[in-house]
Amino acid sequence: MWTELRQLGIEIGESTVRLYVQEKRTPAKPAFVPLTFTPGERAEFDFGEAMVKLQGQPIKVPFLAGRLRFSGAMFVECFPTQRQEAFLVGQCHAFEFWGGVPRMVVYDNLKPAVLQILQGHSRREHEVFLHFHSVYRFEALFANVHAGWEKGSVENLVGYARRNYFVPLPEGTNLETINAGLRENCHADQQRIMAGRTEPIEKRLAFERTQLGPLPAHAPEIGPVAEVLVHSTGRVRFQTNDYSVPIQYAYRRVTLKADPFRVRLYAGSELVADHPRCYDKRQAIEDWRHYLPLLLQKSFAVPFASVLRHADLPASFEAARQDLVARRSDGNREFVRLLELCLTHSVEAVEAALALARGQGGWSADTVRHLLTWAAEPAATPALDPARYPAYQQAGASPNLSVYDQLLETRP
């Protein structure tokens, strides 16, 4: 640039040109306006990601973080996905946790809420999201693109939660267990006094609750709802996966309702099946209890039934089935009768009674049933004290059983 200027006859020093270019390349540092909020005025939400241990295996999961700006009360919940139903359910749980609804909620331009970014803060929102915040009666405000400081409180919360609540990795058999621990952490955090304040979060939240809007009397349905046909295999299909229902509903239509964690199926208003939601593809999620009536009729299928091969039953049950098959021609059917006891008793109780029955030698499902009944009965009445009731201890005359021989006589 300096060379070209010299060629044009402009007398200028090289250092002057370098200084000018340096000033143009250095962006101006932004300035910010300090903000303050009244009770119940504003909350912020955003998604983050963290590692957890599910059934001993480390896995990365999204979590929704939210904070009330006046009190600083937080809410953190993990989900298996960042789909729209997780985004909405998380906010429902946060409002319930805080005890009310703020007048305004600020978001990033999340896909579950925004269809199109327009000029300034204007957005074309998803109809489902529009319905959601109209039911909860709050104003949705979206931050400008690449302007995270417009919701800096929740941006900081995402990092704070990851550093404090996901180290060491929280463990559980499912996300519901982990979320219970996160909720306890959110309660415990309310004892903290935030920088620049003199009162703990808990005290400020108690006052802010009086200014929050009420929760709706009837919460909106969140998540997919559809009428589905039960196939001949006692399954319904939802997002490439198959979920079982009791076999008596085969060829009938039932209502499917899904949330981020569960898939529930209803016949009319009656809940007939409840499964954990699966996000893999082409999987079968089955409950062996749904097939017991059919297995009684088709006992030949018991050894090969996928629902039993993948059942959450102790190994002792399969050992019992093999024992029954070795001793009885109807061993598989008798095994199904044994499984029916798990409909009215816990699997652990049936397993304990089964172990006791097998230890006594010859056994059957009826033996196990009697043992379960006996275990459920109150303790037996103690024997009479012979010192106080000597008459009851005297042996009576032996009964004459010969009279029963008359039943064997043949009469003309």
Contact order normalised by residue count of segment 290-376, Cα under 8 Å, 6+ apart, percent: 26
For T233 and E139, FRET efficiency with R0 = 35 Å and r from the beta-carbon atoms, rounded to 0.05? 0.10
Quick note on L64, L401, ordering by fewest other C-beta atoms within 10 Å, gives L401, L64
Give me log10 I(q)/I(0) at q = 0.19 Å⁻¹ for segment 77-228, Debye formula, one equal scatterer per alpha-carbon, no solvent. -1.51
From the phi angles alone, apply the Karplus equation (6.51, -1.76, 1.60; θ = phi - 60°) to segment 336-349 and give each ³J(HN,Hα) in whole Hz, x where the residue is Gly or Pro. 5, 4, 5, 5, 4, 5, 6, 6, 10, 10, 5, 4, 5, 5
If one compares the long axis through the Cα atoms of helix 315-327 with the longest principal axis of the Cα atoms of the chain, the angle in degrees, nearest 10, works out at 30
What's the longest uninterrupted piece of the chain once you rule out the GluC sites (Glu not before Pro) that are loop residues per DSSP with at most 13 other Cβ within 10 Å? 12-220
Quick one: which residues, 5 or more positions from V263 or on another chain, have an amide H under 5 Å from its amide H? H modelled 1.01 Å from N in the peptide plane, none for Pro or chain starts. H275, R277
FRET efficiency for L19 and Q116, Cβ-Cβ distance as r, R0 = 45 Å, nearest 0.05? 0.55
How long is the gain from Q211 to D274 if the chain were fully straight, where each residue apart is worth 0.36 nm and the alpha carbon distance is subtracted? 18.9 nm
Highest-fluctuation residue, F75, F317, F47 considered, GNM on the chain with Cα pairs under 10 Å: F317
Once volume of the Cα convex hull per residue in Å³ is worked out from the coordinates, which option in [x] 339; [y] 128; [z] 281 does it equal? [x]
Placing +1 on each Lys and Arg Cβ and -1 on each Asp and Glu Cβ in segment 290-376, then taking the dipole about the Cα centre, the residue among L341, A326, S306 whose Cα reaches farthest towards the positive end is A326
The chain - charge dipole about Cα centre, Lys and Arg +1 at Cβ, Asp and Glu -1, debye rounded to 20: 700
Arrange F45, F304 by Cβ neighbour counts within 10 Å, fewest through most, would you? F304, F45
Would you check the chain for Lys pairs whose C-alpha atoms are within less than 28 Å, ignoring same-chain pairs closer than 8 in sequence, and give me the count? 13
Which one, Q190, Q119, Q211, has the greatest fluctuation when you compute a Gaussian network model over the chain with C-alpha springs under 10 angstrom? Q119
What list of ³J(HN,Hα) values in whole Hz, one per residue of segment 104-109 in order, does the Karplus curve 6.51 cos²θ - 1.76 cosθ + 1.60 (θ = phi - 60°) give from phi, with Gly and Pro shown as x? 9, 10, 9, 10, 6, 8
Listed by chain and number, the residues whose amide H is under 5 Å from that of E125, excluding neighbours fewer than 5 places away on the same chain and using placed H, are L115
Which whole-number percent is the relative contact order of segment 1-110 (Cα, under 8 Å, 6+ apart)? 23
On a 0 to 90° scale, report how tilted helix 84-98 is relative to the longest principal axis of the chain, with both axes built from alpha carbons and the result rounded to the nearest 10. 90
Using θ = phi - 60° and the Karplus curve 6.51 cos²θ - 1.76 cosθ + 1.60, what whole-Hz ³J(HN,Hα) does each residue of segment 214-224 get, with Gly and Pro shown as x? x, 6, x, 5, 10, 5, x, 5, 10, x, x
One would report the antiparallel percent of DSSP beta bridges in segment 42-209, rounded to the nearest 5, as 70
Could you give the angle, 0 to 90 degrees to the nearest 10, between helix 14-25's Cα long axis and the longest principal axis of the Cα atoms of the chain? 40
So, with points 7 Å from each Cα along the Cβ direction, the S346-E49 label distance in nm works out to 3.9
Given labels modelled 7 Å from the Cα in the Cβ direction, how far is it in nm from T36 to Y266? 4.9
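Could you put T3, T177 in order, starting from the residue whose Cβ has the fewest other Cβ atoms within 10 Å?
T3, T177
A short reminder: the numbers here are calculations on the coordinates, not readings from a lab. For clarity, every value in this text was computed on a predicted model and none was experimentally measured. Please note: Cβ atoms are built from the backbone with ideal geometry, for glycine as well, and neighbour counts cover all protein chains shown.
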